[in-house]
Amino acid sequence: MATSSYCIAAISNGGGAPEQAYRKMQSAGACPEKPFAEMFKFEVPSLMVGTLDRLMILGDELVKTDQIVESVVRKVERSAIELTASQGKEAPKDNLTVGGVPSSRYIQQFAWDYAKYPNRRPLQELVAMIGGSVTAIDEELRQLQQSYLDKQQLLQEGKRKKQSNLMAADLNEVLTAADMQKVTVHDTEYLKTVFIAVPSNAEGEFKKEIYNIGGELVGYGGPDWSRDPNSLGQPVKFGTLVDRSKAKGSPVVPESLTVVKSDQDATLFAVTILKSQYTAGHYEGEEFINGEKVDFEALFTKAVRDKRYVVREFKYDPSQAQRSAMALDQLTAEVESMQNGLARWCKTHYGESFVAWMHIKVIRVFVESVLRYGLPVDFTAVLYKCPYGKEKDLVDALDAALATTTTEEKNADDDEGEEYHDFVLLRFEP
């Protein structure tokens, strides 16, 4: 939180010397009798006025531009503070400087940058130049932040998978060669080894029902030709005598259940299933109807998931764990590099955006003073620095010392919903 706030005030010289106006403003609120603030000289360069009509239009635009530029300053500042804090460093705000000095010192020693913002250019052009440069900073910050967040999310996802339990972890990263030696893995035309993750509190129930899961999937009916040895090698009669659906059961191969690995949340089992089955063709009259192959893997997977168990799609690759670890290390290094780079970018562009903001303030003071006091340009501006929360005391003192309107006129202006002072006043916090 800021410890000080600032006010830029300007009054007409009234044809007198600027030193007289300066002493008047000093006596109003920055003297031993009225010690409400510190006062500093504030340089406002001679800028091109143009027409008063354009100046009035520009005055309204400047208020919006001031707000936009300040919002960018705050964005860059906030990003820098968050990045620095995430690196475990203290006092991140102290690391932000403007031209190599703290923002408060820059404000108090402000000098117009004639090389960057030539004062003989039209005011509209100057404002557009400043606004454009700050908009570019805002857009670049948005893109850099998005790239950083995307990379950070990839890193968090990688860490989450590495730390997940057997229900969600990448099995190639948690299963060792010793774990896989417990399992005989089948993946043929008719047999498939399936890995199933089961919550710890459901292991007992799973072991009881595993050989019955999908009990309606596989047909075990039809003629048993082996019962009649005399028929072996003889032509087989197809047709209504063949009924594979007469008896049904689960595709799980008996006694194939194996515990692969356990953690505190779940256990990973392996089980072998009948992957597919061929239904024989048959004759219908003189026409032979081709048989078809029935795939049980997808149906069994659905039956398992209906029981709230998790089928893990998995093909063991002993080298993947090492590759994943290397990829995670590389991603960690990339995120750290992007974080450091973005922090440096914010420190640099905080100063640039702050300089732009102060120049917009100066242009506002110039425009509002010309509109208020008229031509030729003849006013003096000063900068007040007052303790945070004491700004009202200063403004009240300035109103009392510099008032030129009656109380009734001032109250009438206040009734219209606008704060009015008999001098130009801009308030802000660095």
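Applying 1/(1 + (r/R0)^6) with R0 = 22 Å to the Cβ-Cβ distance of GLU19 and ARG372 gives a FRET efficiency near 0.60. As a length-normalised measure over Cα pairs under 8 Å and 6 or more apart, the relative contact order of the chain settles at 35 percent.
Under a 5 Å amide H cut-off, with hydrogens placed 1.01 Å from N, SER4 pairs with TYR388 among residues at least 5 apart or on other chains. Between ASP317 and GLU297, the simple spin-label model (points 7 angstrom out along Cα→Cβ) gives 1.7 nm. Loop-located trypsin sites (Lys or Arg not before Pro) across segment 302-374 with a Cβ neighbour count of 12 or fewer within 10 Å are ARG308, LYS315, with loop assigned by DSSP. Segment 315-390 and segment 94-131 have Cα centres spaced 14 Å apart. Cβ-to-Cβ counts within 10 Å put LEU83, LEU126 in ascending order as LEU126, LEU83, the fewest first. Label positions at SER86 and TYR278, each projected 7 Å from the Cα along the C-beta direction, are separated by 6.0 nm.
Please give the residues of segment 24-55, grouped as numeric ranges, whose backbone N is less than 17 Å from a label point set 7 Å along the Cα-to-Cβ vector of ASP113. So the set is 43-45. Among the listed pairs LYS75/LYS385; LYS34/LYS385; LYS192/LYS293, those with a Cα-Cα distance over 18 Å are LYS75/LYS385.
A Förster radius of 45 Å combined with the Cβ-Cβ distance from GLU205 to MET326 puts the calculated FRET efficiency at roughly 0.65.
When MET129, MET39 are sorted by how many other C-beta atoms sit within 10 angstrom of their C-beta, beginning with the fewest, the order is MET129, MET39. The ranking of HIS421, HIS349 from fewest to most other beta carbons within 10 Å of each one's beta carbon is HIS421, HIS349. Between VAL101 and any residue 5 or more places off or on another chain, the built amide H atoms are never under 5 Å apart.
No value in this document is a laboratory result; all are computed from the given coordinates. Just so we're clear, the structure is a prediction, and the values are computed from it rather than from any experiment. Please note: Cβ atoms are built from the backbone with ideal geometry, for glycine as well, and neighbour counts cover all protein chains shown.
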